[in-house]
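Here is the structure we will look at, set down as structure tokens.
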Amino acid sequence: MLDIKFIRENQQIVRKAIADKQLGESLKSLNELLLLDEEFRLLRSDLEEKQAKRNASSKKIGELKRRGENADELIQDMGRLSNEVKKLEEKSRSLEAQINTLMLELPNIPHQSVPYGQGPQDNVVAKEHGEKPQFDFQPKPHWELATARGWFDLEAGVKTTGAGFPVFKGEGARLLRALIQYFLNKLNDLGYTEIAMPLMVNAESATATGQLPDKEGQMYQVSDGFYLIPTSELVLANLHRDEILATETLPIKYAAYSACFRREAGSYGKDVRGINRVHQFDKVEMVQLTEPAKSYEALEQMTETSEAMLEALGLPYRRLLMCSGDMGFTQAKKYDLEVWSVGQGRWLEVSSVSNIEAFQARRLQTRFRDGGVSGKAKPELVHTLNGSALALPRTVAAILENYQNADGTVTVPEVVRPYFGKALME
RNA sequence: GGAGGGUUGGCCGAGUGGUUGAAGGCGACAGUCUUGAAAACUGUAGUAGGGGUAACUCUACCGGGGGUUCGAAUCCCUCACCCUCCGCCA
């Protein structure tokens, strides 16, 4: 959510952001918002004036009554005034609700370093690292390797649940677990606090982080008004909702492993082969809350953390700087990391690291100030950042494909061996 | 699932429908004293929004939302959460 004052005073910037992000629909929201905001502010001053009168009279009536004097006349006047106040209050409430809804439809503003672009084709390759492996045999895609050795069983998942709910078995399941361990330990070493969390959230949390209303169709809704989390970012970012933090506690760094659930409506073809895109997957995520001045430094640092993991795993990858049109509703700047999938001959996105600036924090009301909660300084909104380190299925796919041997076995990357327990999947 | 009791400022905790934005305590901050600290004493301080160059001033906020009333922290309804008891399941 943007600051209403900012919107009011910087209409052109907001308009440009909407256009750059290819969200033409939001322009209507902006226009309507500006009108309602004007109306709301006029109404407010009228209302507040009348409230002030009412408060004064009420006080006077109290005094008269205490002294045992007659206040009937004043009470009659108050009746009329109160009615007006009540009507204005009602109007004010409904305007405020409308304004709020519209505010939720305005996207975050891209950082100045974000290139303009209409879609994925305009993303900029910011970096490429590692050699694509060469084989003296025809490398296979991960689903062939895994099915042949029984490392996962997609049919079984279809049976128990439906398409896109993979079942991992034996050494396949073990590889998942080993990777999760490796990632979390790595992040612990870097000062991230590990969190284990609920896999469902309420609408309030989902609204605060920006999934609602923007991505409602992407989430599974279960009973009692809960949503299955599409990413653990949602819970991590909400951990300090409505809190004022001491500056010294920043940056706050959280890491978590969780299952993630996404409806992924409209996906098809090679995108969904094997475990390229599934409805339930595992992910290790990092979230940081920082002071505004330090958030872009943190974005680089978090991206480098994910890259370091890919390097340690020996997977060739590239870093994309996402263009304005492909970066999503809440982000100010975002990098995607993609690994080379040799069996499919394509890049697979395994991480996405974003700076949300104050866009989430404004809804979360997560603030900080010098001197802590009861300090004197004015509270200020934190910046929130999130990034995957890393998403499991595609990392597994890349490992299987890039480390495959001619006989269908897979060499386990060295850094994972302590967790996996041996050097070869067979 | 049923029946009761709760939710007040950073924390604890008063609060009778009418000068209560809210006593008191703790904690915080500033000052006095002290070589320094502690103690003691004195003082300051909620959050958000609006108006004003400023001094200042207005409004809202006592879990959330609605209502009753001339007037609500206080009465009513509703939702959420916490506690106790009963039932059910582990």
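The values are calculated or read from the model by the stated rules, or taken from the named source; none is laboratory data. Computed from a predicted structure; not experimentally measured. Here Cβ is always computed from backbone atoms with ideal geometry, including for glycine, and neighbour counts include all displayed protein chains.
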(message) Going through A:Glu48, A:Glu39 one at a time, which residue ends up being on the phi < 0 side of the Ramachandran plot, surrounded by 10 or more Cβ atoms within 10 Å (Cβ to Cβ) and more than 9 Å from RNA strand B (Cβ to nearest atom)?
(response) A:Glu39
(request) Within region A:52-71, track down each residue that is more than 7 Å from RNA strand B (Cβ to nearest atom) and among the acidic types (Asp, Glu). (result) A:Glu69
(request) Sort through A:Ala358, A:Ala389, A:Ala332 and tell me the only one that's among the hydrophobic types (A, V, I, L, M, F, W, C), on the phi < 0 side of the Ramachandran plot, in contact with a helix residue (DSSP H, G or I) (Cβ under 8 Å, 6 or more places away or on another chain) and within 16 Å of RNA strand B (Cβ to nearest atom). (result) A:Ala358
(message) With under 28 Å from the mean Cα position of the chain (by Cα) and in a helix (DSSP H, G or I) as the only criterion, which of A:Val415, A:Val396, A:Val350 stands out?
(response) A:Val396
(request) Answer with yes or no whether A:Glu131 is within 25 Å of A:Asp336 (Cβ to Cβ), among the acidic types (Asp, Glu) and outside any strand (DSSP E or B). (result) yes
(message) One residue is enough: does region A:292-301 have a residue meeting the conditions modelled with pLDDT of 95 or more and within 26 Å of A:Glu144 (Cβ to Cβ)?
(response) no
(message) Please return the ranges of helices (runs of 4 or more DSSP H) entirely within region A:158-266 where 1 or more residues are polar (S, T, N, Q) and within 26 Å of A:Ile399 (Cβ to Cβ).
(response) A:170-189
(request) May I ask you to say which residue of A:Ala423, A:Ala389 is among the aliphatic types (A, V, I, L, M) and in contact (Cβ under 8 Å) with a residue 24 or more places away in the chain? (result) A:Ala389
(message) Return the residues of region A:373-383 that are more than 7 Å from RNA strand B (Cβ to nearest atom) and at pLDDT below 90; say none if nothing qualifies.
(response) A:Ala377, A:Glu380
(request) Tell me, please, whether a residue that is of a type outside the set (A, V, I, L, M), buried (at least 18 other Cβ atoms within 10 Å of the Cβ), more than 21 Å from the chain's Cα centre (by Cα) and in a strand (DSSP E or B) can be found in region A:325-345. (result) yes
(request) Take the residues in region A:75-94 that are more than 7 Å from RNA strand B (Cβ to nearest atom), without any contact (Cβ under 8 Å) to a residue 24 or more places away in the chain and not small (Gly, Ala, Ser), then tell me which one is surrounded by the most Cβ atoms within 10 Å (Cβ to Cβ). (result) A:Asp77
(message) Looking at region A:180-200, can you tell me whether even one residue there is basic (Lys, Arg) and touching a strand residue (DSSP E or B) at 6+ places or on another chain (Cβ under 8 Å)?
(response) yes
(request) Give the residue that is surrounded by the most Cβ atoms within 10 Å (Cβ to Cβ), with candidates limited to residues of region A:169-204 that are modelled with pLDDT of 95 or more and of a type in the set (D, E, K, R). (result) A:Glu171
